[in-house]
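K.L.:
So that we are looking at the same thing, I have put the structure below in structure tokens.
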Amino acid sequence: RGLATDEIALSLNAVRDAGGHGIARVEIAISLPEEFPAEYVDACARAADQCAVKSYLSPALPVSVSARRRAAMG
């Protein structure tokens, strides 16, 4: 699609269980540039949702993926 990827950022948050000793779930957030086409935001999340590493973890550990465009600064 020719979309620039150099300003895309990914963050991972490991959410601890109630006891604070194990990991209850993993949250992956994809931060897209403001100018990223809106029609591809959900597709970006769906593509990441099919990641082989996520598929490996998912049977034992819930992994959520979200994507959103960053707000305009100024």
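K.L.:
Name, by its number, the condition in (1) of a type outside the set (Phe, Trp, Tyr); (2) assigned to a loop (DSSP other than H, G, I, E, B); (3) at pLDDT 90 or above that does not hold for ARG68.
P.N.:
Single failed check for ARG68: (2).
K.L.:
SER55 is checked against (1) of a type outside the set (D, E, K, R); (2) open to solvent by 40 Å² or more (accessible area, probe 1.4 Å); (3) assigned to a strand (DSSP E or B) and fails just one. What number does that condition carry?
P.N.:
That leaves (3) as the condition not met.
K.L.:
Could you grab me the full set of residues in region 39-63 that are touching a helix residue (DSSP H, G or I) at 6+ places or on another chain (Cβ under 9 Å) and within 21 Å of ASP17 (Cβ to Cβ)?
P.N.:
Listed by number, the residues that qualify are LYS54, VAL63.
K.L.:
While we're looking at this one, here's another question. Report whether or not ALA60 is part of a helix (DSSP H, G or I) and either under 17 Å from ALA14 (Cβ atoms) or touching a His at 6+ places or on another chain (Cβ under 6 Å) (or both). Show your work before the answer.
P.N.:
Numbers: part of a helix (DSSP H, G or I): no; either under 17 Å from ALA14 (Cβ atoms) or touching a His at 6+ places or on another chain (Cβ under 6 Å) (or both): yes.
The answer is no for ALA60.
K.L.:
Output the number of residues of region 27-59 satisfying the condition of being of a type in the set (Val, Ile, Thr) and over 22 Å from ARG69 (Cβ atoms).
P.N.:
As a first pass, look at region 27-59 and keep what is of a type in the set (Val, Ile, Thr): 28, 30, 41, 53.
Checking which are over 22 Å from ARG69 (Cβ atoms) leaves us with 53.
Within region 27-59, residues that are of a type in the set (Val, Ile, Thr) and over 22 Å from ARG69 (Cβ atoms) number 1.
K.L.:
State all residues of region 19-52 that are assigned to a strand (DSSP E or B) and of a type in the set (Ser, Thr, Tyr); if no residue qualifies, say none.
P.N.:
Taking region 19-52 and keeping what is assigned to a strand (DSSP E or B), we get 23-32.
Residue satisfying the conditions is SER31 alone.
K.L.:
Now a separate question. Being touching a Lys or Arg at 6+ places or on another chain (Cβ under 7 Å) and not basic (Lys, Arg) narrows it down to one residue among VAL15, VAL26, VAL53; which is it?
P.N.:
Working: VAL26 fails: touching a Lys or Arg at 6+ places or on another chain (Cβ under 7 Å); VAL53 fails: touching a Lys or Arg at 6+ places or on another chain (Cβ under 7 Å).
Unique residue meeting the criteria: VAL15.
K.L.:
What tally of residues in region 1-28 results from selecting those that are closer than 22 Å to ASP49 by Cβ, touching a strand residue (DSSP E or B) at 6+ places or on another chain (Cβ under 7 Å) and surrounded by 10 or more Cβ atoms within 10 Å (Cβ to Cβ)?
P.N.:
Qualifying residue count, region 1-28: 12.
The values are calculated or read from the model by the stated rules, or taken from the named source; none is laboratory data. Since this is a predicted model, take the numbers as computed values, not measurements. Don't worry about glycine lacking a Cβ; one is built from the backbone with ideal geometry, like all the others, and counts go over all protein chains shown. Calculation scope for accessible area: heavy atoms of the full protein, side chains included, ligands and nucleic acids excluded. Shrake-Rupley method; radii C 1.70, N 1.55, O 1.52, S 1.80 Å.
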